[in-house]
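Contents: one structure, followed by commentary.
The values are calculated or read from the model by the stated rules, or taken from the named source; none is laboratory data. None of these values were measured; they are calculated from a predicted model. Cβ sites come from the backbone with ideal geometry, for glycine too, and all protein chains shown count toward neighbours.
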Amino acid sequence: MDSLLIKGGVPLNGDVTISGAKNAVLPILAATLLTSEPCVVHRVPDLSDVRFMSQILTWLGAEVKSEGGTIRVRAKKIKGAGDYDLVRKMRGSICIMGPLLGRLREARVSLPGGCVIGARPINLHLKGLASLGAKVTIESGYVQAKAKRLVGASMFLGGRAGSTVLGTANVMMAAVLAEGVTVIESAACEPEVTDLANFLNAMGAKIAGIGSPTLTITGVKQLHGAEHEVIPDRIEAATYAIAAATTNGEVTLRGARADHLGAVLDKLHDSGVATHCDASGITVKRNGKLKPIDITTLPYSGFPTDAQAQMMALMAVTPGISIITERIFESRFMHVSELSRLGADIEIEGPSAIVKGGKPLSGAPVMASDLRASAALVIAGLAAKGNTQVNRVYHLDRGYEKIDVKLRQLGARVERIEES
Ligand code: EPZ
């Protein structure tokens, strides 16, 4: 398994271009299953998760062509059952369920298990699909949904931690081809859900209330092909912004959208980091001394859970006490023990981590456990004195396009060690 060797202590400087959003492109690719006509998706990031989704679509019978950041899909004739192993490998692929049920009135996919960050049940997805009239069963590790007719309905899709991103996506993708009107209350408002809804409307769907917690979907008989450019990845942008602040550099995030990053920019300002936003992107650099802050992760437009670990790396080098509370996933502090190996002083108290920041970090071998935890280890390694080796970078490759190349463009001393 590849690892990254980071020689720390160099401030990041320069421009980095933000890729398309992983968490928008996955459901958008799944949505291409809703029509037999060709779809074209631009600004597709080169990530292992995207390659997985393309394999799943191909397995289902779709024609998939990928070339230089553009994917062309034609799902002329498809089957309703996803390959057990492929789907099991990537949780995000659960979002093929809605389109398959919408188009074929049946879907059978392997039940995604939990992952290191939490149990991650799909009860809300299934509740929503059942409200549309689907008969949902779970057997031998598969979840199956079948419906003679899909009929629009009103439903409340909020759960323990508020709205569900992929749950909203799944139900929306089934409801666009249902009879009548569906109203989803407590719908997720993440920009990735908005991007998906805009793509569906470009295919001829009728979705209103996009970006709000109340989505109204008027079903149509069929959808047609469409062409779409995916939004920039706000979590990748947040990661490079935080890396710039942590290494005391100055970085311009080309193509990043400030309107998707409100809570992140707000917390960066509170911690003593200046940002300048214009049409070309966002420039980030420290504005004097760093200050400790408190953060609580929430559904959008609150502070994103996917930037929590990276922010913890910044707080580890910030003198004073910061408190980071994780409200979305029940076990998303896997990075704490590895950051402590680099010399950070962090204690976990229930859903909160208390960061006693400001101690100098020193390089060490560390182990990535999940996508965003590994991004935090890279940021801490960039700020630490000496060498840090981040192992299992396959976690990073799932969500960051060419991270070592982009970091080197910003002056970092990073090398990918490929395991023979
Ligand atoms: C999406 O996951 C993202 N993944 C996650 O990003 C992100 O962390 C998450 O949304 C929250 O923003 C993709 O888009 C591929 P949820 P999703 O359903 O949709 C509970 C990354 O790093 N819940 O919004 O699976 C759930 O357990 C990844 O890029 C239920 O209880 O997340 C969690 O506590 C990690 N029942 C909370 O809701 C359900 O049926 C939010 O989960 C569904 C969810």
Original post:
Would you call residue 51 farther than 28 Å from residue 146 by Cβ, free of Cβ contacts under 8 Å to residues at least 60 places away in the same chain and in a helix (DSSP H, G or I)?
Top reply: yes
**OP:** Note down all Cβ pairs under 9 Å where the first residue falls in the stretch 390-406 and is at positive phi, the second is surrounded by 20 or more Cβ atoms within 10 Å (Cβ to Cβ) and part of a helix (DSSP H, G or I), and they're at least six residues apart or on different chains.
**Re:** 392/374
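Per-residue answers, yes or no, for (1) hydrophobic (A, V, I, L, M, F, W, C); (2) more than 28 Å from residue 415 (Cα to Cα); (3) buried (at least 24 other Cβ atoms within 10 Å of the Cβ):
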position	(1), (2), (3)
20	no, no, yes
30	yes, yes, yes
35	no, yes, no
51	no, no, no
Subject >> Condition met for residue 401 (crowded, with 20+ Cβ neighbours inside 10 Å, closer than 24 Å to residue 233 by Cβ, at pLDDT 95 or above and in contact with a strand residue (DSSP E or B) (Cβ under 8 Å, 6 or more places away or on another chain)) >> reply: no
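Select from the stretch 295-328 the residues that are crowded, with 20+ Cβ neighbours inside 10 Å and either among the aromatic types (Phe, Trp, Tyr) or out of contact with any strand residue (DSSP E or B) (no Cβ under 8 Å at 6 or more places or on another chain) (or both) and list them in ascending order.
Within the stretch 295-328, the subset crowded, with 20+ Cβ neighbours inside 10 Å is 295, 297, 299-300, 303-318, 322, 324, 326, 328.
Passing the criteria: 300, 303, 306, 307, 309, 310, 313, 314.
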Original post:
If only one of 236, 179 is charged (D, E, K, R), over 18 Å from residue 157 (Cβ atoms), within 13 Å of the ligand (Cβ to nearest atom) and out of contact with any helix residue (DSSP H, G or I) (no Cβ under 7 Å at 6 or more places or on another chain), which one is it?
Top reply: 236
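Which one is farthest from the ligand (Cβ to nearest atom), of the residues in the stretch 275-286 that are assigned to a strand (DSSP E or B) and hydrophobic (A, V, I, L, M, F, W, C)?
Going residue by residue through the stretch 275-286, those that are assigned to a strand (DSSP E or B) are 275-278, 281-286.
Narrowing further to those that are hydrophobic (A, V, I, L, M, F, W, C): 277, 282, 284.
Numbers: 277: 23, 282: 20, 284: 21 Å.
Looking at the filtered set, the residue picked out is 277.
When only residues in the stretch 279-292 that are under 24 Å from the mean Cα position of the chain (by Cα) and at pLDDT 95 or above count, which is nearest to residue 352 (Cα to Cα)?
Of the stretch 279-292, the ones under 24 Å from the mean Cα position of the chain (by Cα) are 279-284.
Those left that are additionally at pLDDT 95 or above: 281-284.
Values: 281: 32, 282: 30, 283: 30, 284: 27 Å.
Restricting to residues being under 24 Å from the mean Cα position of the chain (by Cα) and at pLDDT 95 or above, the top hit is 284.
Residue under question is residue 141, and the condition is that it be at pLDDT below 95, of a type in the set (Gly, Ala, Ser) and surrounded by fewer than 21 Cβ atoms within 10 Å (Cβ to Cβ); does it hold?
Details: at pLDDT below 95: yes; of a type in the set (Gly, Ala, Ser): yes; surrounded by fewer than 21 Cβ atoms within 10 Å (Cβ to Cβ): yes.
Considered against the rule, which asks whether it is at pLDDT below 95, of a type in the set (Gly, Ala, Ser) and surrounded by fewer than 21 Cβ atoms within 10 Å (Cβ to Cβ), residue 141 comes out as yes.
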**OP:** Could you please find all residues in the stretch 316-343 being acidic (Asp, Glu) and away from the ligand (no atom under 16 Å from the Cβ)?
**Re:** 338
**OP:** Go through the stretch 287-301 and give me each residue that's over 15 Å from residue 322 (Cα atoms) and within 10 Å of the ligand (Cβ to nearest atom).
**Re:** 298, 299, 300
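I want to confirm something. Restricting to the stretch 139-159 and keeping residues that are part of a strand (DSSP E or B) and within 13 Å of the ligand (Cβ to nearest atom), which single residue is nearest to residue 180 (Cα to Cα)?
Ranking the qualifying residues of the stretch 139-159, first place goes to 155.
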Original post:
Taking residue 231 and the conditions (1) more than 16 Å from the ligand (Cβ to nearest atom); (2) farther than 23 Å from residue 119 by Cβ, which numbered condition does it fall short on, given that it satisfies the others?
Top reply: (1)
Subject >> Breaking point among (1) within 16 Å of the ligand (Cβ to nearest atom); (2) surrounded by 15 or more Cβ atoms within 10 Å (Cβ to Cβ); (3) within 30 Å of residue 213 (Cβ to Cβ); (4) of a type outside the set (S, T, N, Q), for residue 350 >> reply: (2)
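Of the residues that sit in the stretch 378-398 and are within 16 Å of the ligand (Cβ to nearest atom) and farther than 16 Å from residue 236 by Cβ, which one is surrounded by the most Cβ atoms within 10 Å (Cβ to Cβ)? First the steps, then the outcome.
Step one: list which residues in the stretch 378-398 are within 16 Å of the ligand (Cβ to nearest atom), which gives 378-379, 392-398.
Pick out the ones that are also farther than 16 Å from residue 236 by Cβ and you get 392, 394.
On the way: 392: 16, 394: 14.
The residue in question is 392.
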